[in-house]
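Let me begin by presenting the structure, written as structure tokens, before commenting on it.
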Amino acid sequence: NYVTPAAYSADGKWLVAWDGNVGTGYVRLLDPATGKEIRSFQSQSGEIHTLALARNRTIALSSFDRIEIWDAAAGKILRSFEGFIENSPCISADGRILAGVGGVPAPPNQFWDHPFPPQRQRKQLGGCVWDATTGEQLKPFAGGIKAAVSLDLAPDGKTLAWRAANGDLHVVDV
């Protein structure tokens, strides 16, 4: 058994969650008061590791090899960022700024120590902040952020905080 990602909307009227079926990538929007499904859609990834829901109901979700941005109300994908993987992508409250930590396929014998099959292993590169609506890269981060285990944007989208694998907390201007 494992925990699948879920997030509430800022107003508490929506709950978004991955269905947990490896290989399907179905994301469900639910009314948390009734448990009834509002909408569902299928991610381009078969497995979802993390997701975040902005106030404007834009969803950022991640898998082994990409971050996807979705319009939750319409159930349509808006943008996909390839090569950025699983370490807690975050999206600003207004849905305009996206941050993530990523990597590329690792060369043979240079896999990072993780229990994934070889075809899914990646070598961490660093992080990046994008304009989620245009896909424009706003700021790359190298160095310490590649060891980020979680990250989050301030509500105004101007500051990024991340916790490193060694426990250190870092805060930088976007």
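The values are calculated or read from the model by the stated rules, or taken from the named source; none is laboratory data. Treat the numbers as computed from the prediction; the structure is a model and nothing was measured. Note: ideal-geometry Cβ built from the backbone for every residue, glycine included; neighbour counts use all protein chains shown. Surface areas here come from the heavy atoms of the whole protein model, side chains and all, with no ligands, DNA or RNA. Shrake-Rupley method; radii C 1.70, N 1.55, O 1.52, S 1.80 Å.
Can Glu86 be described as within 30 Å of Lys13 (Cα to Cα), modelled with pLDDT under 55 and not hydroxyl-bearing (Ser, Thr, Tyr)?
yes
In the stretch 6-61, how many residues are assigned to a loop (DSSP other than H, G, I, E, B), modelled with pLDDT of 85 or more and touching a Pro at 6+ places or on another chain (Cβ under 8 Å)?
Number satisfying all stated conditions: 3.
Can you name the number of the only condition in (1) at pLDDT 55 or above; (2) β-branched (Val, Ile, Thr); (3) out of contact with any His (no Cβ under 8 Å at 6 or more places or on another chain) that Val104 fails?
Among (1) at pLDDT 55 or above; (2) β-branched (Val, Ile, Thr); (3) out of contact with any His (no Cβ under 8 Å at 6 or more places or on another chain), Val104 violates only (1).
Restricting the search to the stretch 31-51, which residues are of a type in the set (Gly, Ala, Ser) and open to solvent by less than 20 Å² (accessible area, probe 1.4 Å)? Even if it seems obvious, please write down each step before you answer.
Initially, the stretch 31-51 is screened for residues of a type in the set (Gly, Ala, Ser), giving 33, 35, 40, 43, 45-46.
Answer for the stretch 31-51, where residues must be of a type in the set (Gly, Ala, Ser) and open to solvent by less than 20 Å² (accessible area, probe 1.4 Å): Ser43, Ser45.
Give me the residue from the stretch 53-77 that is aliphatic (A, V, I, L, M) and either farther than 19 Å from Thr4 by Cα or open to solvent by 20 Å² or more (accessible area, probe 1.4 Å) (or both) and, out of that set, nearest to the chain's Cα centre (by Cα). Explain how you work it out, then say what you get.
Within the stretch 53-77, the subset aliphatic (A, V, I, L, M) is 53-54, 59-61, 67, 69, 72-74, 77.
Narrowing further to those that are either farther than 19 Å from Thr4 by Cα or open to solvent by 20 Å² or more (accessible area, probe 1.4 Å) (or both): 53, 73-74, 77.
Details: Leu53: 10, Ala73: 18, Ala74: 19, Ile77: 14 Å.
Applying the filter and picking the extreme gives Leu53.
Which one is modelled with the highest pLDDT, of the residues in the stretch 121-148 that are open to solvent by 80 Å² or more (accessible area, probe 1.4 Å), over 25 Å from Arg57 (Cβ atoms) and within 17 Å of the chain's Cα centre (by Cα)?
The extreme case among them is Pro140.
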